[in-house]
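The values are calculated or read from the model by the stated rules, or taken from the named source; none is laboratory data. Keep in mind the model is a prediction, meaning the values are calculated, not measured. Backbone-built Cβ (ideal geometry, glycine too); neighbour counts: all protein chains shown.
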Amino acid sequence: MVMYVTVNGAERNRPEKRKSRTAEAKMEKKICGICGKPTEDTLLEVGEHENVCWECATRMALEAKAENREIEITDENGDACRLCQWCEELFPESELRKEIDLGYLCDRCIAAIHSRGETLTLKY
Ligand SMILES: [Zn+2]
Ligand SMILES: [Zn+2]
């Protein structure tokens, strides 16, 4: 009985120390307010949600797109983020270009469309 208490006590003490250190580490890491996962990426603001990871923001943007809703996504600097209309990945607006018919496209998709011999009319 006494042995058990000692063992339990010792076991309980150690993880507690480790836990507080993990908590500190987590403070430095950013936690997504939607999925609760830590991320090293920039956290985004999606509509009224703050601290949304890139993954969740992409999912929310896709949901909004499927429902034809407008959704506002901004990064830490207040810059807008949008989905590339082709690969449906989320990018900061500064990394996308707007094509007159297709909408926002990332460089990779623009290159892919170009390589198929199609002409794009890009707005800068
Ligand atoms: Zn998330
Ligand atoms: Zn793309």
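Take the residues in segment 39-89 that are over 25 Å from Ile113 (Cα atoms) and among the hydroxyl-bearing types (Ser, Thr, Tyr); name whichever of them is surrounded by the fewest Cβ atoms within 10 Å (Cβ to Cβ). Taking the candidates together, the pick is Thr42. Determine, yes or no, whether Glu55 is more than 16 Å from ligand 2 (Cβ to nearest atom), among the charged types (D, E, K, R) and closer than 27 Å to Leu120 by Cβ. Against the criterion (more than 16 Å from ligand 2 (Cβ to nearest atom), among the charged types (D, E, K, R) and closer than 27 Å to Leu120 by Cβ), Glu55 does not qualify.
Considered as a group, the residues in segment 67-83 that are modelled with pLDDT of 95 or more and either touching a Gly at 6+ places or on another chain (Cβ under 9 Å) or outside any loop (DSSP other than H, G, I, E, B) (or both) include one that is nearest to ligand 2 (Cβ to nearest atom), and that residue is Leu83. Looking only at residues in segment 105-124 that are in a strand (DSSP E or B) and at pLDDT 95 or above, the one that is nearest to ligand 1 (Cβ to nearest atom) is Cys106.
Among the residues of segment 91-104, just one is assigned to a strand (DSSP E or B), more than 10 Å from ligand 2 (Cβ to nearest atom), in contact with a strand residue (DSSP E or B) (Cβ under 8 Å, 6 or more places away or on another chain) and of a type outside the set (D, E, K, R), namely Pro92.
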